[in-house]
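To keep things clear, I will list the structure first and then write my remarks on it.
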Amino acid sequence: MSAPVERLLEAHPDVAAAWYPVLARAAGRALSVPGLDRWSPLARRVHAVAQPAGWTTVVDEPRRSPPTAVEQLTVLSANLWHDWPRQHRWTERLEAVAQLVEAEGVDLLLLQEVARTPELKADLWLADRLGLSLAYARANGATDAIGFEEGVAVLSRFPIAEIHLRQLGRTRNPLTRRVALAAELATPLGRLLAVTVHLGLLRHRNAQQLRALRAWVAQLSAGAVAVVGGDFNATEGRAEIELTRRTWTDTFRHAHPHADASTYASAAPWRRWSSPRRLDYVFVQQPPTLHWRVLGAGHVDAPGGPHSDHRAVLARLLPT
């Protein structure tokens, strides 16, 4: 889905919210009424899309043996740009992401706009291609009902001990849900909380979601280090991003205090390109008793060309 369409749906939630709950309730009733067989397929589709975020998939052990010792942790956060319904060069772009992960020696992969269709599930494809453990959660759509859904995912070289899912903010609109997915990883460095998130486009809702995210991560981490990456849909001049930096380390800015930090430049119908903006981040939340150094950070593209309309964020961290 394009950013202008998403922005329209978030700015005017009644476009979908006014009628979809009514249809969903009607669909639920229709499924239980004998004699309405001809409407059952449509009712099932409407009912499925209206369900809350969830339907998680977990592959808790990586196919390849996890490392027994780690000198540093390499993290990559990437918005995969589902580009539905076109999904232009989808398989080629997924392969480019896989090559980027291999080239950079990534230990932890935090993904957004992870698409699924009956023919291809991006999260499972990457987990199988790279031999990683996986946690995936649906945000919008429903593969079995309409042939498409998208969500967020955590992939790792380490086993996944537990997962947590949070829908950020309340919305009746079944097309613009925003979620955060956290996976507790069992690593040689100890317990690590890995969080992937995709926040909304509207400024006031984005700020509410970010406040809810910080509180949720603080509660879940319970004294452990948390690595939080994703598409925050907020530029670094925003008050909520500045407030987040007071408690979380902004890995890119820590490594590059004054460098250009843009990660996204979108095509707009009324002009060729918008101004480049920074929307993607990797943060580290750490308790006072621990300190992880940022060895390096950067904004990267996959080998052979862009894998998405966003650049990925790479961070190398050293526990001390």
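Since every read-out is calculated from the coordinates, none of them should be taken as a lab result. What you are looking at is a predicted structure, and each value in this text was computed from that prediction instead of being measured. Here Cβ is always computed from backbone atoms with ideal geometry, including for glycine, and neighbour counts include all displayed protein chains.
What the table below lists for this structure:
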read-out: Amide H within-cut-off set for GLU162, under 5 Å, with H built and near neighbours excluded; value: GLU184
read-out: Magnitude of the charge dipole, region 52-319, Cβ model with Lys/Arg +1 and Asp/Glu -1, debye to 20; value: 940 debye
read-out: Ascending count of other beta-carbon atoms within 10 Å, so fewest first, for TYR264, TYR136; value: TYR264, TYR136
read-out: Cα gyration tensor category, rounded, prolate or oblate, for region 206-259 with a/c compared to 1.5; value: oblate
read-out: Shape category assigned to region 128-224 from the gyration tensor of Cα positions, a/c cut at 1.5; value: oblate
read-out: Part-to-part distance (alpha-carbon centres) for region 101-159 and region 180-208, which is given in Å; value: 15 Å
read-out: Between region 218-251 and region 298-320, the alpha-carbon center distance in angstrom; value: 18 Å
read-out: Binned Cα-Cα distance frequencies in region 52-319 - 10 Å width, integer %; value: 7, 33, 40, 19, 2, 0
